[in-house]
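Take a look at the structure set out below.
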Amino acid sequence: MTTASVDLEDLKARIERHFAAGAEAIGDDDAFGTFLELRHALEAGTLRAAEPDASTATGWRVNAWVKRGILLGFRVGRLTDMSVQGAAGVSLFGRHPQLTFIDKETYPARRFAPEDGVRIVPGGSSVRSGAYVARGVVMMPPAYINAGAYVDEGTMVDSHALVGSCAQIGKRVHLSAAAQIGGVLEPVNASPVIIEDDVLVGGNTGVYEGTIVRRGAVLAAGTILTRGTPVYDVVKRTILKATSELPLMIPEGAVVVPGSRAVTGGYGREMGLSVYTPVIVKYRDEKTDLSTTLEELLR
């Protein structure tokens, strides 16, 4: 069956049935085959763990059944040796290899061909099966894209950057060196991290716990965003926070930098302490856009 011919409603029903079967799905050929259909659809980009939906409060809809399907793959897969071997059967690490790779058979590393249009620079990067990587994506070594992630056209995943499980990355995004985009599989209803189109994520930045970064935003190096992190918008004089229903959402075009705020009571005040907080210092303008010209040339 080709990806194009997959009936997603039927696939959903089968995933839900096999997931509900628990341990009984282990060794079930139909459960294994159903998972492979899901994995192929994820890699083709015809199925996503989360997708744009203007009718929701966040503009995105989480497909919890897809995440259950990804977890099903871990359940039904057996551990297998995935160590890389040379053409003559000699490990690439030498005749007495120091490193081996043991993982579930359902999640090997993806292989790409030149016609896929994905540029993976030599040096230790990897894309796990079940991840979508669009044409024009560049991966600088070492970088990693986990199962269920979606990385759209023209995005750069720089050295030591991580795209976690089910994270959604838009078009023309730059994930700078050591940027960490958190993943989420459980709880299955939780929203993954979403980075929309044309976002610049600075080096050593971390975006976690379902945070949504809107189109064109800039996260300066060292910025950390989590569900429990309040973001102070000094331009609009507001404080952005997650709620019990909604994740933290960074506005379109916002420029966010690491900052601090004073502890105002007790021992912390006595000692002159402050705590970390991200601060929106401006919104993107022509000068900010000019700083991204080099990225376009490199791509």
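Any idea which of 264, 211 is of a type in the set (S, T, N, Q) and open to solvent by less than 30 Å² (accessible area, probe 1.4 Å)? Working first, answer last.
Numbers: 264 fails: open to solvent by less than 30 Å² (accessible area, probe 1.4 Å).
Checking each option against the conditions leaves just 211.
Return yes or no: is residue 132 closer than 15 Å to residue 49 by Cα, touching a residue at least 12 places away in the same chain (Cβ under 8 Å), open to solvent by 10 Å² or more (accessible area, probe 1.4 Å) and not hydrophobic (A, V, I, L, M, F, W, C)? Even if it seems obvious, please write down each step before you answer.
Values: closer than 15 Å to residue 49 by Cα: yes; touching a residue at least 12 places away in the same chain (Cβ under 8 Å): yes; open to solvent by 10 Å² or more (accessible area, probe 1.4 Å): yes; not hydrophobic (A, V, I, L, M, F, W, C): yes.
Judged against the criteria, residue 132 is a match.
Suppose we keep only residues that are out of contact with any helix residue (DSSP H, G or I) (no Cβ under 7 Å at 6 or more places or on another chain) and of a type in the set (A, V, I, L, M, F, W, C) within the stretch 22-43. Which one would you say is least open to solvent (accessible area, probe 1.4 Å)?
Checked the stretch 22-43; the qualifying residue least open to solvent (accessible area, probe 1.4 Å) is 42.
Among the numbered conditions (1) exposed (fewer than 15 other Cβ atoms within 10 Å of the Cβ); (2) touching a strand residue (DSSP E or B) at 6+ places or on another chain (Cβ under 9 Å); (3) modelled with pLDDT under 95, tell me where residue 239 comes up short.
Answer for residue 239: the failing condition is (3).
In the stretch 153-165, which residues are touching a strand residue (DSSP E or B) at 6+ places or on another chain (Cβ under 7 Å) and either on the phi > 0 side of the Ramachandran plot or open to solvent by 20 Å² or more (accessible area, probe 1.4 Å) (or both)? If you could, list the steps in order and put the result at the bottom.
Quick first cut of the stretch 153-165, residues touching a strand residue (DSSP E or B) at 6+ places or on another chain (Cβ under 7 Å) only: 155-158, 161-164.
158, 162, listed by residue number.
Sort out which residues of the stretch 44-75 are open to solvent by 20 Å² or more (accessible area, probe 1.4 Å), part of a helix (DSSP H, G or I) and not hydrophobic (A, V, I, L, M, F, W, C), and write them in order of number.
68, 75
The values are calculated or read from the model by the stated rules, or taken from the named source; none is laboratory data. Values in this document were obtained by computation on a predicted structure and should not be read as measured data. Cβ: placed from backbone, ideal geometry, glycine included. Neighbour counts: every protein chain shown. Just the protein is used for accessible areas: all its heavy atoms, side chains included, with ligands, DNA and RNA removed. Shrake-Rupley method; radii C 1.70, N 1.55, O 1.52, S 1.80 Å.
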